[in-house]
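K.L.:
First the structure, then my questions, so here it is.
The values are calculated or read from the model by the stated rules, or taken from the named source; none is laboratory data. For clarity, every value in this text was computed on a predicted model and none was experimentally measured. Cβ atoms come from the backbone with ideal geometry, glycine included; neighbour counts cover every protein chain shown. Please note that ligands, DNA and RNA were not included when accessible areas were found on the heavy atoms of the full protein model with its side chains. Shrake-Rupley method; radii C 1.70, N 1.55, O 1.52, S 1.80 Å.
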Amino acid sequence: MTRIAVYPGTFDPLTNGHVDIVNRATRIFDEIIVAVAESAEKQPHFSADERVAMCRAVFNGLKNVTVERFDALLVDFVKSKNANIILRGLRALSDFDFEFQLAGMNHSMAPDVETVFIPASEATSSISSSIIREIAAMGGDVSLFVPPMVAEKWR
Ligand code: ADP
């Protein structure tokens, strides 16, 4: 069976933590679809088009990774792609409660779809998109935490 994983997120912005998860996932799954959620209710800093463009630019060299935008129920999007895995990254205990609930509810709605977690690497486990947005808004240098083309967006 082809293992097709959907990695959903807001990616506002894409960070080195997300990149690490995708890179490691390429060794486990046949195909990875990075699914950029519209997330209009979160009023993202970057538009969905900009977030998709960032992800496409950064993952361009990985042949089994594609990037798509989505604005549907996640399990419906997963099925529409003939995928069978939802990939999520886990940073700390604080991520666990929400992720566990999300995985449980998605499993109830789509029993054939499994959620798989990859633990954050030590080097990137403290990186969060929301803290990056705060640092950048105050004029701080975020180039330690994001790919160069993402850091460029704030220059
Ligand atoms: P969402 O709005 O769905 O939380 P995010 O873009 O914040 O979207 O995160 C997408 C996924 O990446 C989530 O599974 C999140 O836990 C994971 N993630 C975020 N930052 C990191 C990181 N530094 N290391 C590993 N996984 C991460």
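K.L.:
Any idea which of (1) more than 15 Å from the chain's Cα centre (by Cα); (2) open to solvent by less than 60 Å² (accessible area, probe 1.4 Å); (3) within 20 Å of LEU14 (Cβ to Cβ) is the one LEU74 doesn't satisfy?
P.N.:
Condition not satisfied by LEU74: (1).
K.L.:
Another one. Of everything in region 75-99 that's of a type in the set (A, V, I, L, M, F, W, C) and in a helix (DSSP H, G or I), which residue is modelled with the lowest pLDDT?
P.N.:
Just the residues of region 75-99 that are of a type in the set (A, V, I, L, M, F, W, C), to begin with: 75, 77-78, 83, 85-87, 90, 92-93, 96, 98.
Within this subset, residues satisfying the condition of being in a helix (DSSP H, G or I) are 75, 77-78, 93, 96, 98.
On the way: VAL75: 98, PHE77: 98, VAL78: 98, LEU93: 86, PHE96: 92, PHE98: 95.
Within region 75-99, the match that is modelled with the lowest pLDDT is LEU93.
K.L.:
Identify the residue in region 1-51 that is assigned to a helix (DSSP H, G or I), open to solvent by 60 Å² or more (accessible area, probe 1.4 Å) and not basic (Lys, Arg) and, among all such residues, is nearest to LEU62 (Cα to Cα). Please lay out each step first, then the result.
P.N.:
Initial filter on region 1-51 (assigned to a helix (DSSP H, G or I)): 16-25, 40-42, 48-51.
Going one step further and asking which of them are open to solvent by 60 Å² or more (accessible area, probe 1.4 Å), we end up with 23, 40-42, 49-50.
Filter once more, so that each one left must be not basic (Lys, Arg): 23, 40-41, 49-50.
Working: ASN23: 8, ALA40: 28, GLU41: 31, ASP49: 20, GLU50: 19 Å.
Ranking the candidates gives ASN23 first.
K.L.:
Of (1) more than 10 Å from the ligand (Cβ to nearest atom); (2) hydrophobic (A, V, I, L, M, F, W, C); (3) closer than 27 Å to HIS45 by Cβ, PHE100 satisfies all except one. Which?
P.N.:
(3) is the only condition that PHE100 fails.
K.L.:
For region 79-89, what are the residues that are over 14 Å from THR10 (Cα atoms) and within 14 Å of the ligand (Cβ to nearest atom)?
P.N.:
Matches in region 79-89: ILE85, ILE86.
K.L.:
Which residue is nearest to the ligand (Cβ to nearest atom), if the candidates are limited to region 131-152 and must be free of Cβ contacts under 8 Å to residues at least 24 places away in the same chain and part of a helix (DSSP H, G or I)?
P.N.:
ILE131
K.L.:
Another question about this same structure. If I filter region 100-120 down to residues being in a loop (DSSP other than H, G, I, E, B) and in contact (Cβ under 8 Å) with a residue 12 or more places away in the chain, which single residue comes out as nearest to the chain's Cα centre (by Cα)?
P.N.:
ALA120
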